[in-house]
Amino acid sequence: MKVLKFGGTSVGSAENINKVLDILKLESPSTQTVVVVSAIGGITNKLIRASQKACDGKASYEDDFIEISSIHHKVVEELFLKEKDSDTIKKLVNAKLNELKQLLDGIFLINEISPKTSDKLLSFGELLSSTIIYHTLLSRSFNAEFKNAQELIITDDNFTNANVDFELTNLNIDLCFKRNKADITVLPGFIAKSVHKESTTLGRGGSDYSAAILAAALNATQLQIWTDVSGMYTTNPKLVKQAKPIKELSYQEAIELSHFGAKVLYPPTVLPVLQKEISLAIKNTFEPKALGTTITHNSANDGLPVKGISNIDRIALMTLQGNGMVGVPGFSKRLFETLAQEKINIILITQSSSEHSICFGIKDEDADQAQTAIDGAFEYEIALNKLEPIIVETDLSIIALIGDKMKNHQGISGRMFSTLGKNNVNIRAIAQGASERNISAVIAKADVKKALNSLHETFFEVKTKQINLFITGVGNVGERLLNQIKQQHSYVKKHLKLNLRVVGLSNSRTMLIDDDGIKLEDWKTQLDQGQRASLQGFLDYATQLNLRNSVFIDITANSEVAQIYPDYLRQSISVIACNKIACSGKLQYYKSLKALSLKYNAAFLFETNVGAGLPVIDTLNHLITSGDRINEIQAVLSGSLNFVFNNFNATTAFHDVVKQAKEEGYTEPDPRIDLSGVDVARKILILARESGYELELEDVSLENFLTKNAMDASSVEDFFKTLIEDEGHYQALYHSAVNHNAQLKFVAEFKNGKAKVGLREIAKGHPFYNLEGKDNIVMFYTELYPEQPMIIKGAGAGADVTASGLFADIIRIANN
Ligand code: ADP
Ligand code: ASP
Ligand code: MG
């Protein structure tokens, strides 16, 4: 004998019921089959809503009733369209609906609904669905019987969550099936009767349990739970897209997963089948060929210590603490007895080893009642200040890792908590069952999706890690970066196991957010049609989405953007700055960003601030972490100044060269920002700071080679005029260099704790002498490289190389 249970969605429409019949056609011929059905999907909730309205005196409960009726009528109409004798079923359904209406009218009249009435009312859902399905089977010539489970499953009168009297129940089932030899017997799930013949229910989701009770009593060969997903998943598939069905589970694992929130299986379901060692399968009505999950005595030998991750929402955490608890036996006993008397279920307990506090998790809805009861029970101790009144925190969730083999594997909790920590998920309490079959943590409800996704990634998708990028500033460099991300996406996924997704894009006018990742093929059009840009709005989105491994990338030169980094870091969102303002601004600000990055475990990288894509800062950091010390830095760090001095000679006018540099985009709109050396000063300042020296920009001595005339010019146009007037000054600089057999280079230097920048005559043979085009060069003299410096040289300007520097920062963060 087999027991098959079909859930709400499976019997949710005529189309779905036909799928159920197809399954029965395949399953039932081999053996006698018991079919347990839920109410049509959503009906139980609608019944509750209607009754609450009726109880509150709201006449609109009638609308809910009409909706409930028409759902059932529609299903009957569609199932019995071609049947001549559909009158019987229509009459039966209408009779039940009339009875239901009378009950609702009664509740409306007296404005009251007791748990007893509620159970009576909810029984209509399953009674209606099972009647409809039974008659459909008859009309399609199945050899079927109907049995009202209320005549078999007997409970106490703990309405809404009744406890089964197994002795009576098993006897009833046994007797009933001794006589009944039909191929298929249809029964309503979820509902039962008390010894006093009142309708009771087995708790929300209880049809699974009804089926298990029948399977155990009948010594069935298998219990099949047919639902709308292909088995028990590695985690809630509604919250984690990458979740996958688990092929095999042990009974214990299934108990833990369902107890900790895997709604696909009602927690009490496993026990009856476990005791009889009946195998339990979870299958998908809409994909009957999918393997589903098989639950037996043995956990699968697939080597995975963690089998699933589940979550329970709406948790309240209660903490009882005080010095009066230390060393005094019986406190916990009194506490838990108090809760038991109130029939409050405890989901998780932790006690600190100092015995100074006990902390436990219960359902949010029980929190008020628990608080009153406990403060009452410990009134005396609280009055004497031996205990504090109980502390209640709500809006929390529990997440749990589950697996039989976890106890044999070291370091699972370490990986769990470091994954959560890296993603800034604050853990309020931790509990590990003595069986070590589960580790659970209490976290904020708002963090659940992120926590499940990142834990799922750690334990099940070791192969790919998702990186979520929020990019602001999509000019020249930004555009190249997006191109690189698009081009390299599959390579990075395949070889580095990273899934790079651009979730947010913004320029100064519009912004665009897409939780599923922006399609990079036509980002420009999408961004043009995006909403109005706002720095705060962009941050708010990134915060609310609360995605794991989020990275904010600033490709602007805007000081307001540079001011918002702390807000990202505080959300544990890493920051990549192409913008130099933050790192070359006030020392205090730079230091505070570094501190926030440490505190919130979020990277703060800015490789492109110096030498564009050249790995200057990364190399410097590696030297320092390896214990080295930077003594001196010599560098040529300005692409624009190199361009100017590489092209300026006796046959060209300084004015024309600067003009050309400006026109070709090598300088800022006001070329003085480059020519005055301020930009280079900022770069050497950043290198000095990264080397561990505390300097402000004012401490960098800046030797200006421009004339006073040039600096004083009130407009860019006037500035260019001064270049013509002062050509002699610039030619003199050139000729002096030529006379000394040298080249003019704008050099940045850091030595003996002092930084300076200025134009130098570089003699032949010096590493700077042959520097071409836009190339940059940096030489680090360190303890390990005292005479022969560590040299980094290469293209130090240009949109493509800068974008690849940003790309490298992204990969650094992702690989961390
Ligand atoms: P039924 O009406 O068939 O009893 P339920 O709604 O009670 O179905 O349970 C199935 C649902 O459980 C799935 O649609 C899914 O959203 C949810 N669910 C939560 N956690 C899990 C999990 N770990 N595996 C599978 N489903 C889960
Ligand atoms: N119909 C009931 C509920 O929605 C029982 C079940 O579907 O298992 O809770
Ligand atoms: Mg269910």
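The calculated 222 nm mean residue ellipticity attributable to helices in the chain amounts to -13000 deg cm²/dmol, summing -39500 (n - 2.57) over DSSP H runs of n ≥ 4 and dividing by all residues. A Cα-only calculation for segment 444-488 places Rg and Dmax at 15.1, 41 Å. The candidates Ile430, Ile225, arranged from most to least accessible area with a 1.4 Å probe in the full protein assembly, appear as Ile430, Ile225.
Residue ranking by accessible heavy-atom surface, 1.4 Å probe, largest first, among Tyr266, Tyr666, Tyr61 comes out as Tyr666, Tyr266, Tyr61.
Using only the Cα atoms of segment 339-391, build the gyration tensor, take square roots of its eigenvalues as a ≥ b ≥ c, and label the shape rounded, prolate or oblate: rounded if a/c is under 1.5, else prolate if a/b is larger than b/c, else oblate. The shape class here is oblate.
The Ser86 and Gln242 beta-carbon pair, evaluated with R₀ = 41 Å, returns a calculated FRET efficiency of approximately 0.35. For segment 697-793, taking the reciprocal of the average inverse distance between every pair of different Cα atoms yields a Kirkwood hydrodynamic radius of 15.7 Å. When the alpha carbon gyration tensor of segment 627-784 is reduced to an equivalent ellipsoid, its three semi-axes come out at 28, 18, 13 angstrom, largest first. Over segment 525-618, the hull volume per residue, using the convex hull of the C-alpha atoms, is 116 Å³. The accessible surface of the chain, taken with every protein chain in place and a 1.4 Å probe, is 49 percent carbon and sulfur.
If you take the Cα centroid of segment 152-175 and the Cα centroid of segment 286-320, the two points sit 28 Å apart.
Dividing the convex hull volume of the alpha-carbon atoms in segment 1-156 by its residue count gives 108 Å³ per residue. Taking every C-alpha pair closer than 8 Å and separated by at least 6 residues, the mean separation divided by the residue count of segment 134-290 gives a relative contact order of 21 percent.
Taking trypsin sites (Lys or Arg not before Pro) across segment 606-687, the ones in a DSSP loop with at most 12 further Cβ atoms lying within 10 angstrom of their Cβ are Arg629.
Length available on full extension from Asp699 to Glu342: 0.36 nm per residue minus the Cα-Cα distance, which gives 121.5 nm.
Averaging sequence separations of C-alpha pairs under 8 Å and six or more residues apart, then dividing by the length of segment 118-193, give the relative contact order as a whole percent. Across segment 118-193, relative contact order equals 43 percent. Phi-derived couplings, Karplus 6.51 cos²θ - 1.76 cosθ + 1.60 at θ = phi - 60°, listed residue by residue for segment 601-611: 6, 10, 6, 10, 10, 8, 3, 6, 5, 10, x Hz, with x used for Gly and Pro. Quarter the surface of the alpha carbon convex hull of segment 482-578 and you get the mean projected area, 6.2 square nanometres.
Spatial offset of segment 584-657 relative to segment 1-38 amounts to 69 Å, using the alpha carbon center of each. Length available on full extension from Ser490 to Asp368: 0.36 nm per residue minus the Cα-Cα distance, which gives 38.7 nm. Count Lys and Arg as plus one, Asp and Glu as minus one, and take only other residues whose Cβ is under 9 Å from that of Arg812; the net charge is then -3.
Comparing Cα centroids, segment 393-435 and segment 100-126 end up 42 angstrom apart. On the basis of the beta-carbon distance and an R0 of 41 Å, Glu783 and Thr707 show a calculated FRET efficiency of 0.45. Put simply, the amide H of Ile467, placed in the peptide plane, has neighbours under 5 Å in Asn499, Leu500, Arg501, leaving out anything fewer than 5 places away on its chain. Kindly provide the trypsin sites (Lys or Arg not before Pro) of segment 501-540 that DSSP labels as loop, not H, G, I, E or B, and whose Cβ sees at most 14 other Cβ atoms within 10 Å. Sparse-neighbourhood loop trypsin sites (Lys or Arg not before Pro): Arg509, Lys519. Between amide H atoms placed 1.01 Å from N, distances below 5 Å from Ile153 occur with Lys193, all of them 5 or more places distant or on a separate chain.
Hydrodynamic analysis of the chain uses the Kirkwood radius over alpha carbon pairs. Inserted into Stokes-Einstein at 37 °C and 0.692 mPa s, it gives a translational diffusion coefficient of 102 µm²/s.
Scalar couplings 3J(HN,Hα) for segment 566-573, obtained by applying the Karplus form with A = 6.51, B = -1.76, C = 1.60 to θ = phi - 60°, are x, 5, 6, 4, 4, 8, 6, 9 Hz; x denotes Gly and Pro. Quick one: plug the Kirkwood hydrodynamic radius of segment 162-265 (C-alpha pairs) into Stokes-Einstein at 20 °C, 1.002 mPa s, and report D in µm²/s. The calculation lands on 136 µm²/s.
Using the Cβ atoms and a cut-off under 14 Å, what net charge is assigned to the surroundings of His735, where Lys and Arg are +1 and Asp and Glu are -1? After counting each charged neighbour, the total is -2.
Measuring with a 1.4 angstrom probe and ignoring ligands and nucleic acids, Tyr769 comes out at about 30 Å² accessible.
Approximating the spin labels as points 7 Å out from Cα along Cα→Cβ, the His73-to-Ile349 distance works out to 5.4 nm. Proximity of backbone amide H atoms, modeled 1.01 Å from N, is registered between Asp395 and Ile315 at under 5 Å, excluding neighbours fewer than 5 places apart on the same chain.
With the cut-off at 24 Å, tell me which of the pairs Lys465/Lys519; Lys2/Lys343; Lys241/Lys363; Lys25/Lys120 have Cα atoms farther apart than that. Over 24 Å apart, Cα to Cα: Lys2/Lys343; Lys241/Lys363; Lys25/Lys120. For segment 269-384, a Kirkwood hydrodynamic radius built from all Cα pairs, placed in the Stokes-Einstein relation at 20 °C and 1.002 mPa s, yields a translational diffusion coefficient of 120 µm²/s. In order along segment 364-376, the phi-based Karplus estimate (6.51 cos²θ - 1.76 cosθ + 1.60, θ = phi - 60°) of 3J(HN,Hα) comes to 3, 5, 8, 4, 4, 4, 5, 4, 4, 5, 6, 4, x Hz; Gly and Pro are listed as x.
The values are calculated or read from the model by the stated rules, or taken from the named source; none is laboratory data. Small disclaimer: the values here were computed from a predicted structure and weren't measured. Heads up, the Cβs are rebuilt from the backbone with ideal geometry, glycines too, and the neighbour counts pull from every protein chain shown. When the accessible area is computed, the model is the full protein with side chains, heavy atoms only, and any ligands, DNA or RNA have been set aside. Shrake-Rupley method; radii C 1.70, N 1.55, O 1.52, S 1.80 Å.
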